1. Any of Lys101/Lys185; Lys25/Lys188; Lys48/Lys185; Lys52/Lys161; Lys101/Lys188; Lys48/Lys188 with alpha carbons more than 20 Å apart? Name them for me.
2. Apply the Karplus parameterisation 6.51 cos²θ - 1.76 cosθ + 1.60, with θ equal to phi minus 60°, to every residue of the range 66-78 and state each ³J(HN,Hα) to the nearest whole Hz, in sequence, with x for glycine and proline.
3. Please list, ordered by chain and number, the residues whose modelled amide H lies under 5 Å from the amide H of Phe172; skip anything fewer than 5 residues away on the same chain.
4. What does the helix-only formula give at 222 nm for the chain: each DSSP H stretch with n ≥ 4 adding -39500 (n - 2.57), the total divided by the residues, and the result rounded to the nearest 500 deg cm²/dmol?
5. Could you work out the relative contact order of the chain? I mean the mean sequence separation of Cα pairs under 8 Å and 6+ apart, divided by the number of residues, in percent.
6. What residues of the range 28-46 lie in the reach of a label at Val189, counting those whose backbone N is under 12 Å from a point 7 Å from the Cα along Cα→Cβ?
7. With Rg/Rh (Cα atoms, Kirkwood Rh) defined as stated, name the option among (i) 0.98; (ii) 0.93; (iii) 1.00 computed from the structure displayed.
8. Under 12 Å from the Cβ of Val110, count the other residues' Cβ atoms, weight Lys and Arg +1, Asp and Glu -1, and hand me the total.
Amino acid sequence: MRKNTASLNFHLGSRMSFIYHIVPKNMVGTRLIPLNRMRESNLEIYLKESAKYRGREKLMERYIPKADCLWNDVLHFSSVSPEIIFSRFENLGFGKFDGLKWFEVPISQVEGLVSVIYRAPQQPRPNFELDDSDIEFLDASSFQELQTLPEQFEDYLMSCKVQGNVPMPFQFIPHVLVRGEIETKGLKVISR
């Protein structure tokens with residue numbers, strides 16, 4: 001009996017972890033590129049993608065401590081599977097999210113790149129500023145993707161439900177921010 005338990009623990013401990021990125025609708029080529037780099041290589045796509053910051057333009061100027069760059073100099077990944085996030089949205093009656101596609105990226109693919117984990121503060125700071133305490137360096141060798149939604153995210157969803165607001169899908173989900181480009185050829189794509 002003891003031997004089986006040790007074997008089970010080994011397999012649980014060795015589970016590969018992933019991070020997740022939306023497949024851009026207008027993706028050109030096979031590499032994920034941070035938004036600010038896109039401005040130089042494909043202005044048309046940059047303008048379409050930066051439109052999601054309308055009304056929140058200050059975010060685009062947000063400095064990321066420890067990564068030593070701006071918010072749009074990094075790729076943004078979810079540390080929670082989109083299947084978990086969007087199932088919860090649908091269970092609460094926020095509608096269906098059909099047609100979304102996600103890259104499932106093995107965490108090993110970001111080794112060697114400047115990568116940090118961002119955890120949103122409970123209350124936003126003025127001008128969307130980040131504090132060192134919001135950011136920690138990512139250690140790809142010990143990173144474990146989250147299997148459940150953070151309590152702060154659940155509270156946020158319930159507040160939106162009560163107030164009749166449409167929630168932002170990644171509010172309070174820890175983000176993995178990667179300064180670099182990621183090759184997507186051969187990655188698994190998750191569809192809803």
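Laboratory data are not the source of any read-out in this text; all were calculated from the coordinates shown. What you see is a predicted model, and the numbers here were worked out from it, not measured in a lab. A quick note on method: Cβ atoms are made from the backbone with ideal geometry, for glycine too, and the neighbour counts reach across all protein chains shown.
1. Lys48/Lys185; Lys52/Lys161; Lys48/Lys188
2. 6, 8, 6, 7, 8, 3, 9, 8, 10, 8, 10, 10, 8
3. Ala120
4. When only DSSP H runs of four or more count, the value is -7500 deg cm²/dmol.
5. Worked out over the chain, it gives 34 percent.
6. 28-30
7. (i)
8. -3
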